[in-house]
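Following: one structure in structure tokens, then a few remarks.
The values are calculated or read from the model by the stated rules, or taken from the named source; none is laboratory data. What you see is a predicted model, and the numbers here were worked out from it, not measured in a lab. When we count neighbours, we look across all protein chains shown, and the Cβ atoms used for this are built from the backbone with ideal geometry, even at glycine. Each accessible area value is taken on the protein alone, full model and side chains, heavy atoms only, with ligands, DNA and RNA left out. Shrake-Rupley method; radii C 1.70, N 1.55, O 1.52, S 1.80 Å.
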Number of protein chains: 2
Amino acid sequence: MEIRKDTAIKKKSINQVPGYRNFPMVPRVVFGRGSFDQLSEILMPNRKHSDAPFIFLVDDVFEGTALIKRIPLIFNDQLIFISADEEPKTEQVDYLVKRIRTDFNELPSGIVGIGGGTLLDLSKAVSIMLTNRGSAADYQGWDLVHKKSIYHVGIPTISGTGAEVSRTTVLLGPKMKLGINSDHTTFSQVVLDPDLTKGVEKTQWFYTGMDCFIHCIESLSGTYLNAFSESYGEKALDLCKEVYLGELSPEVSRAKLMMASWHGGMSIAYSQVGVAHALSYGLSYLLGVKHGIGNCLVFQHLEEFYPEGVALFKLMKDKHQIQLPTNICANLNDSDFDTMINVAMGMEPLWENALGLNWKKVITPEKLKSIYKKI
Amino acid sequence: MEIRKDTAIKKKSINQVPGYRNFPMVPRVVFGRGSFDQLSEILMPNRKHSDAPFIFLVDDVFEGTALIKRIPLIFNDQLIFISADEEPKTEQVDYLVKRIRTDFNELPSGIVGIGGGTLLDLSKAVSIMLTNRGSAADYQGWDLVHKKSIYHVGIPTISGTGAEVSRTTVLLGPKMKLGINSDHTTFSQVVLDPDLTKGVEKTQWFYTGMDCFIHCIESLSGTYLNAFSESYGEKALDLCKEVYLGELSPEVSRAKLMMASWHGGMSIAYSQVGVAHALSYGLSYLLGVKHGIGNCLVFQHLEEFYPEGVALFKLMKDKHQIQLPTNICANLNDSDFDTMINVAMGMEPLWENALGLNWKKVITPEKLKSIYKKI
């Protein structure tokens, strides 16, 4: 399990004042329909020389599609298709790094990730591990990476996770699911081309977009928020409402959801998620439920904590005729429930953000069990 | 005169696809009340060694105030007070660069600008000219800077210009007022501490905030907009409304206006200003009227182009009992009017953004004269 969204750092600085995170932004971004075709031009000045390739990590759903022909492969560039059916793993990162080191005598010019959260997170991790020793698992945590990653480009093909702007890459390791949270994780360049999200399947579109929506509801009603994250979170939420409740053309809808994901990701700089994520981690840990759908399964039962947000969520779900799976927890025994409850209760910063310092007065194992039983 | 806000680049890329600007974002930002006191910690890893100083360019309104004691001067760091009474000039940049080169045997570790748009723009320009030959005037234009600027930090003490995030530094040169628009102009680091705007005088607070408001109205109703810039512009506009029409505490108001300026600045990535700026440049060129107030003087008479925006502007002006100067153009002769009209009519991208390709059917010298006569 892991805390996907970072909280604002509340440490003492060397000046003994309360510290705020010095947030690393993506230093370069291009936005526009068809901007994918600027990739060749964008990469060119970052090619160290003809023997230092670009490695393209691409979601294998694109294998054989027209998009592949538009990837600007030259010299000894390499294209690697990767399935996003499972969550990204540290051993997968280690394998990719080893493969790249074996195939080439020197460091690549850079890594280009093309896909959803899984591909983006793998690309971030590979770019870090090409310059840092050991296994990716050694760097799961906060600010453990000290050597600069190689140049890496993120090109999202589905909107909602915010992985394109975040400073984390969430990996399933041998011991835990946890992000490599570091200033070196952030992409060097992002290409936002809304046309790339054209073929996304409807339920995937809904669940991934709801990742953004639910995160915004949780952070905006949390206690950790400041005006920076609030303004990004509010804009992301407004855009989600337009996309899922408005009557937009498909083209406008794709562009706005891409910006919702971007702003939602930016809002994590000084905010934290809450009740839905805490419970969702329990589901994920025990049953392997994926992040987007897990959040939805939990969130629908959280009227007590997020009455307006849950009402909006149900409107969106009904409008798009999304049927959430039921009876997920029907056959679990007491020990299973205890496992999920322990995982959820362990997410202290999330509870503190959601309910304040005295959250334990509200949140009890019985209460969580009653919510899980509804799922 | 100059076009302060950049337009999206409509060039052909090497791939012969329509090109979108690959926008340089500020790679590091810290936000929070009191975050100014993290400056020492932020600068430390960027100090090349004890002989390479940081040069602090500070608005001279802060001379003798408590803020100065909080500037982390160590080793041979230098603090230079600069008046913001006049617009920043290329010769001022050249003088500062010469002075720094004379005082030190090698390049400084960096430049830190503390103040409003003038100080931020000077700091950007000095950081560029320390690594580029000749005069700052040689680089006024678009993408003429090819050598990386030195590390430079922007710390705004008034909100609205968006200079803290933009890729331009607008300078009055021997021939023209024009920005050094380049990817090397953008700050390396920005510190957003809303408490630094505490002492801003009320009319200045209004005029500078209206710089953001008017820019948003112009870009959001323009023809150049895309979803990226729209989302930032909408958020900036929402925040301006909250600040100037809502009932916020001073603390919340300062934080929200700082974010309005930030988002408004970001919205320039793929947008352009319009009628108010075109006419305002005429006023500026002939009469030296400053940017913020010039926009207000013009904008109040633009109901025809921006009916809702002008209505909102008047509500804000009345709520805060701002009296705009009158009879600015009362004593001008025909030749003066012609000068202003020529300057305004020359701003083709602004008119095209505002009114489309056929803008000349609407905008005539007579029409502009009738507007100027009201001012």
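Tilt of helix B:202-220 relative to the longest C-alpha principal axis of chain B, in degrees (0 to 90, nearest 10)? With both axes taken from Cα atoms, the answer is about 70 degrees. In sequence order, the range A:231-246 has phi-based couplings of 5, 5, x, 4, 5, 4, 5, 4, 5, 4, 4, 4, 5, 9, 10, x Hz under the Karplus curve 6.51 cos²θ - 1.76 cosθ + 1.60, θ = phi - 60°, and Gly or Pro positions carry x. Amide H contacts under 5 Å for B:Met25: A:Arg28, A:Val29, restricted to partners 5 or more places along the chain or on a different chain, H placed in the peptide plane at 1.01 Å from N. Applying the Karplus relation 6.51 cos²θ - 1.76 cosθ + 1.60 with θ = phi - 60° to the range A:285-299 yields 3J(HN,Hα) values of 5, 7, 10, x, 5, 6, 4, x, 5, x, 4, 4, 4, 6, 4 Hz, where x marks Gly and Pro. Of the solvent-accessible surface of the range A:105-250, computed with a 1.4 Å probe and all protein chains present, 53% belongs to carbon and sulfur. Per-residue packing, averaged as other Cβ atoms within 10 Å, sorts the ranges B:235-243, B:142-150, B:343-351, A:63-71 into the order B:235-243, B:343-351, B:142-150, A:63-71, beginning with the highest. In the context of the full protein assembly, B:Thr364 retains an accessible surface of approximately 50 Å², using a probe radius of 1.4 Å and ignoring ligands and nucleic acids. Site pair A:Met176 and A:Lys148 shows an inter-label distance of 3.0 nm when each label is modelled 7 Å from Cα along Cα→Cβ. Counting only heavy atoms of the protein chains and using a 1.4 Å probe, A:Thr326 has close to 110 Å² of accessible surface.
Placing R0 at 25 angstrom, the Cβ-Cβ distance between A:Ser370 and A:Leu315 gives a FRET efficiency of 0.50 after rounding to 0.05. Inter-copy label distances for A:Lys367: 6.2 nm (label point placed 7 Å from Cα along Cα→Cβ; shortest first). Our note on the geometry: Cα centres of the range B:332-347 and the range A:247-283, 49 Å apart. Compared with the dominant principal axis of the Cα atoms in chain B, helix B:117-129 is inclined by about 60°. Between identical copies, the spacing of B:Glu304 label points, each set 7 Å from Cα toward the C-beta atom, reads 6.3 nm from nearest to farthest. Computing Rg and the Kirkwood Rh from the Cα coordinates of the range B:103-243 gives a ratio, Rg/Rh, of 1.00. Annotation for the range B:107-148 versus the range B:26-41: alpha-carbon center distance of 21 Å. Pairs of Cα atoms nearer than 8 Å and 6+ residues apart set the relative contact order; for chain A it is 17 percent.
The label-point distance for A:Arg101 and A:Thr65, in a model that sets each label 7 Å from Cα toward Cβ, rounds to 3.3 nm.
Averaging the sequence gap over all C-alpha pairs within less than 8 Å and six or more residues apart, then dividing by the number of residues, gives the range B:204-307 a relative contact order of 37 percent.
Taking amide hydrogens as placed 1.01 Å from N in the peptide plane, the amide H of B:Phe56 sits under 5 Å from those of B:Gln78, B:Leu79, B:Ile80, B:Val112, each at least 5 positions away in sequence or on another chain. Each residue of the range B:50-66 is assigned a 3J(HN,Hα), and the resulting list reads 5, 8, 9, x, 9, 9, 9, 9, 10, 4, 6, 5, 8, 4, x, 8, 5 Hz, derived from the Karplus form 6.51 cos²θ - 1.76 cosθ + 1.60 (θ = phi - 60°), x at Gly and Pro. Counting only DSSP H runs of at least 4 residues, each contributing -39500 (n - 2.57), and dividing by the residue count of the protein assembly as shown, the helix-based mean residue ellipticity at 222 nm comes to -13000 deg cm²/dmol. Count Lys and Arg as plus one, Asp and Glu as minus one, and take only other residues whose Cβ is under 12 Å from that of B:Asn342; the net charge is then -1. The B:Glu303 and A:Asn333 beta-carbon pair, evaluated with R₀ = 56 Å, returns a calculated FRET efficiency of approximately 0.20. Summary for B:Ile322: label point 7 Å along Cα→Cβ; distances to the equivalent points in the other copies, ascending, 4.2 nm. Which entries of B:Lys124/B:Lys175; B:Lys124/B:Lys374; A:Lys69/A:Lys147 show an alpha-carbon separation above 31 angstrom in the structure shown? B:Lys124/B:Lys374; A:Lys69/A:Lys147, as the Cα separations exceed 31 Å there. What lysines could a cross-link reach from B:Lys373, if we take a straight Cα to Cα line under 27 Å and drop same-chain neighbours fewer than 8 places away? Within the straight-line limit of under 27 Å, B:Lys373 reaches these lysines: B:Lys5, B:Lys177, B:Lys290, B:Lys314, B:Lys317, B:Lys319, B:Lys360, B:Lys361. Think of a 1.4 Å ball rolled over the protein heavy atoms: chain A then has 38 Å² of accessible area per residue.
Would you report the distance distribution of C-alpha pairs in the protein assembly as shown as whole percents per 20 angstrom bin, up to the bin with the largest distance? Each 20 Å bin holds this share of Cα pairs: 16, 49, 30, 4, 0. Three principal axis extents describe the C-alpha atoms of chain B; from largest down they are 61, 50, 44 Å. Which value, in Å² rounded to 10, gives the accessible area of B:Ile328 with a 1.4 Å probe and all protein chains present? Counting only protein heavy atoms, B:Ile328 exposes about 50 Å² to solvent.
Hydrodynamic analysis of the range B:13-145 uses the Kirkwood radius over alpha carbon pairs. Inserted into Stokes-Einstein at 20 °C and 1.002 mPa s, it gives a translational diffusion coefficient of 130 µm²/s. Helix B:365-374 and the long axis of chain B differ in direction by around 70°, with both axes built from C-alpha atoms.
A loss of 40 Å² or more of accessible area (1.4 Å probe, protein heavy atoms, ligands and nucleic acids excluded) relative to the isolated chain is seen in these residues of the range A:37-70: A:Asp37, A:Gln38, A:Glu41. The B-A contact accounts for approximately 3900 Å² of buried accessible area, totalled over both chains at a 1.4 Å probe radius. In the range A:101-175, Cα pairs under 8 Å separated by at least six residues give a relative contact order of 40 percent. Among the residues of B:223-234, the average count of other protein chain beta-carbon atoms within 10 Å of the residue beta-carbon is 5. The simple spin-label model puts a point 7 Å past each Cα toward its Cβ; for A:Lys361 and B:Ile74 those points are separated by 4.4 nm.
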